[in-house]
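So that we are looking at the same thing, I have put the structure below in structure tokens.
The values are calculated or read from the model by the stated rules, or taken from the named source; none is laboratory data. Here the structure is a predicted model, which is why all the values come from computation and not from measurement. For neighbour counting, all protein chains shown are included, and Cβ atoms are generated from backbone atoms with ideal geometry for every residue, glycine included.
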Amino acid sequence: MKFFRSKATPQHDPHLPALTTDQADHLRDLVRRHHAGDPRVTVAGDTVHAPQGTRALHNLAELCRRADPREWHRLVEHHFRALDGAEAATPQGSEQILRSAYLRLLPEDAFPPEAAASFSYVRRVAPGLQEALALDLPEAVRLLDDRAVAEVGLEALRAAGRANLVREPVEYEVAQGRGGATLHIVSGESMFVASKALVLADLARAVTGRDLPEEGALFTVPSRHYLVFHPLAGRQVVEAVNDLAAFGLGAHQDNPGPLSPRLYWWRKGTVTSLTHIDEATRSFSVAPPEELMAILRRLHETGA
């Protein structure tokens, strides 16, 4: 079987790889100017440090990468106004918070080391992915830290977050990959489209009208606005591996809110990464475990 392999795009700034070093320094300077009225605020690497907490710059860097540099100062102002508004608009009372809570899928490096201790409840889903809790507010999405979670209760928030995520509307289409595999493409403006990988069985049933097969499904979540999957049924499985791997890597590089370029296998709620990343050579390769290889061979040969 032939599987996808590709060189990764070289990184630029070590902290904000969406930008070159000069661009990242310029963005950090704009962020410093925005907070110039408060000497307690510092900006370093990919993080803004302030008395009220830390804020990562990855999403802002992605927005700037796609914008005219002359517009960056406006993007910075809008970004931090939205964050400030989200904090001010946070609902009060457990019932209101539960109505706004969502499970959210995040990249594994979403939290800088100095902030990670405040999000100890966050759990790893698979290499490259972790699950957190967020509030969907009118102007922004706010991640909940340990203190906010403790005020309502972790299990209650996870249950409400799951139910709200299942109900979140998305766009759906079926397409063929370059290799001919059928790809189920879920997309939308919602910040929680890719997070539906956390409820993949419910999602597949809702959009296709069928349950996922016993063998599960392959999927990729390249950015927060895309989730693409292929149920493990029929003879197209090898093509699906290659098509999904290629889609995931390309969409991860080209879309805002990058999540993971990896290819994953979902089976009975367990997620396994199939992508091996060689940090020394900066190359990606797909290496299914032997259990999945046996399934792929059987389906490829017999279709059942």
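Being in contact with a Leu (Cβ under 8 Å, 6 or more places away or on another chain) and among the charged types (D, E, K, R) is the filter here, so list the residues in the stretch 218-266 that pass it. Even if it seems obvious, please write down each step before you answer.
Within the stretch 218-266, the first condition is being in contact with a Leu (Cβ under 8 Å, 6 or more places away or on another chain), and the residues that meet it are 218-224, 227-235, 237-238, 240-241, 243-245, 247-248, 252, 256, 259-266.
Hits for the stretch 218-266 are ARG224, ARG235, ASP243, ARG262.
Turning to a different aspect of this structure: Could you tell me which numbered condition ALA251 fails, if it satisfies all but one of (1) surrounded by fewer than 16 Cβ atoms within 10 Å (Cβ to Cβ); (2) more than 14 Å from GLU215 (Cβ to Cβ); (3) small (Gly, Ala, Ser)?
(1)
Kindly indicate the residue of the stretch 250-280 that is assigned to a loop (DSSP other than H, G, I, E, B) and either charged (D, E, K, R) or without any contact (Cβ under 8 Å) to a residue 12 or more places away in the chain (or both) and also nearest to ALA201 (Cα to Cα) among those meeting that condition.
For the stretch 250-280, the residue satisfying everything is LYS268.
Okay, next question. For the stretch 195-217, which positions are in contact (Cβ under 8 Å) with a residue 24 or more places away in the chain, part of a helix (DSSP H, G or I) and in contact with a Leu (Cβ under 9 Å, 6 or more places away or on another chain)?
Matches in the stretch 195-217: SER195, LYS196, ALA197, LEU198, VAL199, LEU200, ALA201, ASP202, LEU203, ALA204.
Take the conditions touching a residue at least 40 places away in the same chain (Cβ under 8 Å) and more than 17 Å from PRO113 (Cα to Cα) and apply them to LEU75. Does it pass?
When the stated conditions are applied, LEU75 does not pass them.
Using beta carbons and a limit of 7 Å, which pairs, at least six apart or on different chains, have the first residue in the stretch 40-56 and surrounded by 12 or more Cβ atoms within 10 Å (Cβ to Cβ) and the second one modelled with pLDDT of 85 or more and part of a strand (DSSP E or B)?
That search, which allows pairs on different chains as well, returns VAL41/VAL48; HIS49/THR42; THR54/VAL48; ARG55/VAL48.
Right, next: Among the residues of the stretch 57-68, what is the count of those that are surrounded by 13 or more Cβ atoms within 10 Å (Cβ to Cβ) and at pLDDT 80 or above? Spell out the reasoning first.
First pass over the stretch 57-68, keeping only residues surrounded by 13 or more Cβ atoms within 10 Å (Cβ to Cβ): 57-65.
Cutting the leftovers down to at pLDDT 80 or above gives us 57, 60-65.
Going through the stretch 57-68 one residue at a time, the tally reaches 7.
Let me confirm something: among ALA240, ALA233, ALA201, which residue is within 17 Å of LEU183 (Cα to Cα), touching a Pro at 6+ places or on another chain (Cβ under 6 Å) and outside the structural domain of LEU129 (by TED's automatic domain parsing)?
Step by step, each of ALA240, ALA233, ALA201 is checked, and only ALA233 is within 17 Å of LEU183 (Cα to Cα), touching a Pro at 6+ places or on another chain (Cβ under 6 Å) and outside the structural domain of LEU129 (by TED's automatic domain parsing).
State whether the residues of the stretch 227-236 include one that is farther than 17 Å from ASP109 by Cα, over 13 Å from the mean Cα position of the chain (by Cα) and free of Cβ contacts under 8 Å to residues at least 12 places away in the same chain.
Looking for residues that are farther than 17 Å from ASP109 by Cα, over 13 Å from the mean Cα position of the chain (by Cα) and free of Cβ contacts under 8 Å to residues at least 12 places away in the same chain, one finds none in the stretch 227-236, hence no.
Okay, moving on. Working only within the stretch 265-275, note down all residues that are closer than 16 Å to ASN242 by Cα and either in contact with a helix residue (DSSP H, G or I) (Cβ under 9 Å, 6 or more places away or on another chain) or modelled with pLDDT under 90 (or both).
TRP265, LEU274, THR275
Can you tell me which residue is modelled with the highest pLDDT among those in the stretch 16-46 that are part of a loop (DSSP other than H, G, I, E, B) and touching a helix residue (DSSP H, G or I) at 6+ places or on another chain (Cβ under 7 Å)?
Residues of the stretch 16-46 part of a loop (DSSP other than H, G, I, E, B): 16-20, 35-41, 45-46.
Remaining after also requiring touching a helix residue (DSSP H, G or I) at 6+ places or on another chain (Cβ under 7 Å): 16, 18-19, 46.
Details: LEU16: 84, ALA18: 80, LEU19: 89, ASP46: 80.
In this case the residue turns out to be LEU19.
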